[in-house]
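Bear in mind that the values in this text are calculations on the coordinates, not laboratory data. Everything numeric in this text was worked out from a predicted model, so none of it was measured. Neighbour counts are summed over all protein chains in view; Cβ atoms, including those assigned to glycine, are modelled from backbone coordinates with ideal geometry.
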Amino acid sequence: MSTTTLREEIIAKTRNFLVEEFEVDGSTIQDDAPLKETLGLDSLDYVDLVVVIEENFGIKLGAEDFQKVVTFRDFYDHIEQRIGPNA
Amino acid sequence: MSNANRVVITGLGIWSCLGKDLKEVEASLRAGKSGIGFDQARKDMGYRSALTGVVPMPDLKEKLTRRQRVMMAEECFYAYAAAEQAFAQAGIDMGFLEKNEVGILFGNDSSAKAVMESIDTVRRKNDTTLLGSGAIFQSMNCTVTMNLSTIFKLRGVNFTISGACASGSHSIGMGYLLIKQGLQKMVLCGGAQEVNEYAFGSFDGIGAFSIQEAEPAKASKPFDKNRDGLVPSGGAAALVLESLESALERGANILGELTGYGFSSNGAHISDPDLDGQLRALNMALNMAGVQADAIDYVNAHATATPVGDSIEAQAIDAVFGVRKPYVSSTKSMTGHECWMAGASEVVYSMLMMHGDFIAPNINFATPDEASAKLNIAAQMVEHRFDTFLSNSFGFGGTNSALIIKRYVA
């Protein structure tokens, strides 16, 4: 699987669970958009985000991981780093 | 108690196997329509009886946010639907709730599905974080009052009453006492009951359920000689209780007046009913209402269709009301046993009867036994105007509740 394909898969899965489970308007999910503000996340939402990330990508993110994530691009980068061939 | 506040009912809401609003439920009550069906999932899971009330899930996606819905166990969805109806009928909007101190007391005694699903997840994942944010708020017995008080911005009394199958009735009784004593002007009271394969397994396990599965609508036979147990069911019912003064100030449409609440504990066996305990609750309700037994026109019986339970209740009703013999029916013949919700839903059903001038039938009552033969059981729907009714609720642990409600007269 090429890196481009993996990234596309991450983006598609993320969009899917955010639209389906977080009921987010898909058009607001842009690479440069801020994740926290776009999703309107409070402390309890982060718990649910950890659950769907684990269900979809098989990895568990902690508070320290989210500190590094500002935009959706950062999020995709982080997931790719954790599950990609160099993980 | 001359200085005590009079307590009236100004709003009703219902979501049950008989219908999704007051109109649908009244039509079912008049028609003697059963809400019981067969759930194969229970059979596959090892239940003795797969009979259950068939209750649809309300779709609240357009009404509540995701965050609100994530916190809600199944029974909260039913309770929201019932509460929304009750507030609407009472003419209460969010503006009123934000400005006034309105309380909430609901009967609920389990949230088994939320608990079981959480246990399944944590056993599979070995990680409690992966339970998600809603698990704790769904798993507690007070899930209904926690959620509804937040959604409706209620700022008065706020707790859940767990009194087994009398929970819903006690919630109305406690709301009544708080208003009567002047501690609250308005309280949303009710009961909620989950309907799923996790909720009733242990109850099924003690052999309490009817196994007459061939014809689900005919399985629940309160007071009939051939009864063989109850049919579990659920949903939610809600009532707006308020002081007469508050209702008059608001110009509210007064639907009825709550005049008596009798309660007692058997202090005896954990599951067997007790005649003395029931009689003490019934007489306490009559004394509080300041009426003699002959003032009661209709008794909505607790009768769940268990052999022992119905027999003891029939003896209690006969002992108190035997001379005048008011109409008696158990709406559980149609609904099954709505457990934690039953005490509240049966007040709603009886209110619909009082306003519609009819007695709902005790369907499936064909052959009386020695005790029920002494009662005036309405086996068919009866067109009958009445002014005062009594609603019985009894539960495991020997908890008893009796409520007396009458047509409002200024």
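Let's test the formula: R0 of 30 Å, r as the Cβ-Cβ distance of B:GLU98 and B:ASP21. What FRET efficiency results, to the nearest 0.05?
On the way: r = 26 Å, r/R0 = 0.85.
The pair B:GLU98/B:ASP21 has a calculated efficiency of 0.70.
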- [ ] Would you mind getting me the FRET efficiency between B:ASP369 and B:ALA41? Use the beta-carbon distance for r and R0 = 25 Å, nearest 0.05.
- [x] 0.15
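Is the shape of the stretch B:8-250 rounded, prolate or oblate, going by the alpha carbon gyration tensor and its root eigenvalues a ≥ b ≥ c, with a/c under 1.5 for rounded and a/b larger than b/c for prolate?
Values: a/c = 1.99, a/b = 1.28, b/c = 1.55.
The shape class here is oblate.
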Task: Gap separating the Cα centres of the stretch B:117-162 and the stretch A:17-87, nearest whole Å - done: 24
TODO: Using Cα centres only, tell me the gap between the stretch B:16-31 and the stretch B:275-338 in whole Å.
DONE: 23
Open item on the list: Can you give me the long-range amide H partners of B:ASN100? Hydrogens built in the peptide plane at 1.01 Å from N, cutoff under 5 Å, separation of 5 or more residues or another chain.
Closed with: none
TODO: Measure off 7 Å from each Cα along the Cα-to-Cβ vector at B:ASP387 and A:SER27, then give the distance between these two points in nanometres to one decimal.
DONE: 6.4
Task: Amide N of the stretch A:35-64 lying under 12 Å from the label point, which is placed 7 angstrom from the Cα of A:GLU9 along Cα→Cβ - done: A:57-58
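Where does chain B land at 222 nm, in deg cm²/dmol rounded to the nearest 500, when only DSSP H runs of n ≥ 4 count, each adding -39500 (n - 2.57), divided by all residues?
Counting only the DSSP helices, I get -10500 deg cm²/dmol.
Neighbour counts of other C-beta atoms within 10 Å: give me B:MET94, B:MET284 arranged from fewest to most. List each step's numbers first, then the result.
Details: B:MET94 11, B:MET284 18.
Listing B:MET94, B:MET284 from fewest to most nearby Cβ atoms yields B:MET94, B:MET284.
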Open item on the list: Projecting each Cα onto the charge dipole of chain B (Lys/Arg +1, Asp/Glu -1 at the beta carbon, about the Cα centre), which of B:ALA252, B:MET341, B:PRO216 comes out farthest on the positive side?
Closed with: B:ALA252
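Would you kindly calculate the mean projected area, averaged across all directions, of the convex hull enclosing the Cα atoms of chain B, in square nanometres? Mind dumping the intermediate values first?
Details: hull surface 75.8 nm².
With the hull built on Cα positions only, its mean projection is 19.0 nm².
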Open item on the list: Within a 10 angstrom radius of the beta carbon, how do B:LEU230, B:LEU255 rank from fewest other beta carbons to most?
Closed with: B:LEU255, B:LEU230
Open item on the list: If the only charges are +1 at each Lys and Arg Cβ and -1 at each Asp and Glu Cβ, what is the size of the charge dipole of the stretch B:164-300 around the Cα centre, to the nearest 20 debye?
Closed with: 240
Task: DSSP-defined antiparallel bridges as percent of all bridges, the stretch B:275-410, nearest 5 - done: 55
Task: B:GLU62/B:THR128 FRET efficiency (R0 56 Å; Cβ-Cβ; nearest 0.05) - done: 0.95
